[in-house]
Amino acid sequence: MPVQAPARDTRPRAAAAGPSASAGTDRDRAEVRQRRRVRRLRLHAAAWGAGTTLFATLWVLNQWHANGAFRHFGNEGNPGDWNPTLLAIAVGAWGLPVAIMALRVRFERPATGLAVDREVERLRVRGKARPDAELPALARERLERIGRLTFHAAAWLAGMVVLTPLWALVEWQDNGGFERWSTRGERGGWEPWILYVAGIWALAIALLALRLRFRRPVPEPGD
């Protein structure tokens, strides 16, 4: 008489493993994303370096041909005046995205096991009512949000460091030395568009910070 083989359990093993398996999967995915970010950063950094060398060479040749040997920076077109505006815009506008990519690699790295353990202890001290098996995933999620916020703040700072000199060069190129704030394009009048960029960007980061501050991923006891 033939013996019937027992039915195989076709349910996904990850689902039966519970929160620990899910946390491991999330960590693996984060590490894969990080490796991709590093590869993209290296590619873009190499391209920016090569492009900067090319732009600088062409700019020197152009300025030498137009105004002769370098004496000082200027925008009057006199002999010896070399105008740095075009070179600065090309290098800065390309370099800023590369710098932001580097900051993302730095601040959005996957959380280490030690950092997750510390965050788990912090959640326990605060008396959060969740099973211990769920705390590592919650801790990792919060650390990722903190890293994302830190990245945005660092990107804002880098943006201001790059954009402010470019803004000053553009205004100096168009209107000469600074004398007053103006939107009329008058001689000596600089338009303060950099302040609008800085303010709107900073407001967006502040909203992210408030969301992180008041978001409660873990319910309080009794909720």
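All of the numbers you see were taken from the coordinates with simple rules; none came from a lab. These numbers were taken from a predicted model, which means no experiment stands behind them. Because the Cβ atoms are built from the backbone with ideal geometry, glycine has one as well, and the counts that use them run over all protein chains shown.
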Exercise for the section: Could you give the C-alpha radius of gyration of the range 60-103 expressed as a fraction of 2.2 N^0.38 Å, taking N as the number of residues it contains? Expected result: 1.48
Problem - Taking N as its residue count, the alpha carbon Rg of the range 18-214 over 2.2 N^0.38 Å - result: 1.45
Exercise for the section: Arrange the peptides 148-160, 56-68 so that the one whose residues have, on average, the most other Cβ atoms within 10 Å appears first. Expected result: 148-160, 56-68
Problem - Under-5 Å amide H pairs with residue 68, H placed in peptide plane, nonlocal only - result: 80
Exercise for the section: Evaluate E = 1/(1 + (r/R0)^6) for residue 193 and residue 30, where r is the Cβ-Cβ distance and R0 equals 35 Å; express this FRET efficiency to the nearest 0.05. Expected result: 0.40
Problem - Charge dipole of the range 78-186 about the Cα centre (unit charges at C-beta), most positive-ward option of 125, 161, 82 - result: 125
Handout entry: Student exercise, the range 18-214 dipole from Lys, Arg, Asp, Glu Cβ charges, in Debye to nearest 20
Key = 1080 debye
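By how many nm would the segment from residue 184 to residue 57 grow when fully extended, if each residue of separation counts as 0.36 nm and the alpha-carbon distance is taken off?
So the chain would gain 42.2 nm between residue 184 and residue 57.
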